[in-house]
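Novice: Sharing a structure, written as structure tokens. Questions coming.
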Amino acid sequence: MELGAQIRRLRNERGWNQEEFAEKAYVSRQTVSNWENQKCYPDVHSLLILSDLFGVSLDELVKGDVEDMKQEISRDSISEYNRWANIYAVMFILAILLPYPLAKFFSWWGIVGWAVFMAVTLGVAFKVEGLKKKNDIQTYREIVAFTEGKTLDDLEKMREEAKRSYQKILLAVGSAVLAGAVMFAMHLLLG
């Protein structure tokens, strides 16, 4: 948000007209108008007075509503992550369920089709991993906190980072066991 718009918003929130605000800020009404219309900017001394009048930090006054912008970015990131994670989940389930029926009913063409599908699934998996890295989320707890719009404190974050390596190994082994069990069940059902 631009500084002039920020000053106007904060002034209006407090119910002050330009004249009242100018008196409180020790400037003329024309100066307030110039600030709000981006014709000029407050000097450092005026910024300190404005910060005190509005009860906001200089950072928030100059940069705008930082928390709202962070929340908007976070909402967009959560939405994007959830969308790709859902796509990946469906593709992963299909990747486990499809190989045996495709091979049984379509022979080599089924295997080729499954290989192409796996390549696309791998691309989606890389996209999901990229989003996890971008948002610094890896463990289940971090992902759940992220999708709920929360963050872990520094100590919890360090504990979760220590878990990452063995959780990835367990996830890979678990996925392999699950895939093997599904293949065996498919063989019994369709064999």
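Novice: Which whole-number percentage describes the relative contact order of the chain, with Cα contacts under 8 Å and a sequence gap of 6 or more?
Specialist: Relative contact order comes out at 17 percent.
Novice: Normalise the Cα radius of gyration of the stretch 97-146 by 2.2 N^0.38 Å (N = residues in it) and let me know the number.
Specialist: After normalising by residue count via 2.2 N^0.38 Å, the value is 1.64.
Novice: As a test of understanding, state the convex hull volume per residue of the stretch 3-64 from its alpha carbons, in Å³.
Specialist: Convex hull of Cα atoms, per residue: 68 Å³.
Novice: Bin all alpha-carbon pair distances of the stretch 1-114 at 5 Å intervals from 0 and give each bin's fraction as a whole percent.
Specialist: 2, 10, 15, 14, 8, 5, 5, 5, 5, 4, 4, 4, 5, 5, 4, 3, 1
Novice: Where q = 0.09, 0.10, 0.11, 0.15 Å⁻¹, what log10 of I(q)/I(0) comes from the Debye formula for the chain, counting one point per Cα?
Specialist: Log10 I(q)/I(0), no solvent term: -0.59, -0.65, -0.71, -0.95.
Novice: For the chain, list the DSSP H helices whose alpha carbon atoms reach 20 Å or more along the long axis and whose average Kyte-Doolittle value is 1.0 or above?
Specialist: For the chain, where a helix must reach 20 Å along its axis and average at least 1.0, there are no hits.
Novice: Let me ask you something else. Can you compute the helix-only [θ] at 222 nm over the chain? Use -39500 (n - 2.57) per DSSP H run of at least 4 residues, normalise by all residues, nearest 500 deg cm²/dmol.
Specialist: Calculated from helices alone, the mean residue ellipticity at 222 nm is -27500 deg cm²/dmol.
Bear in mind these aren't lab numbers, they're just calculated from the coordinates by the rules spelled out. Being a predicted model, the structure only gives us computed values, none of them experimental.
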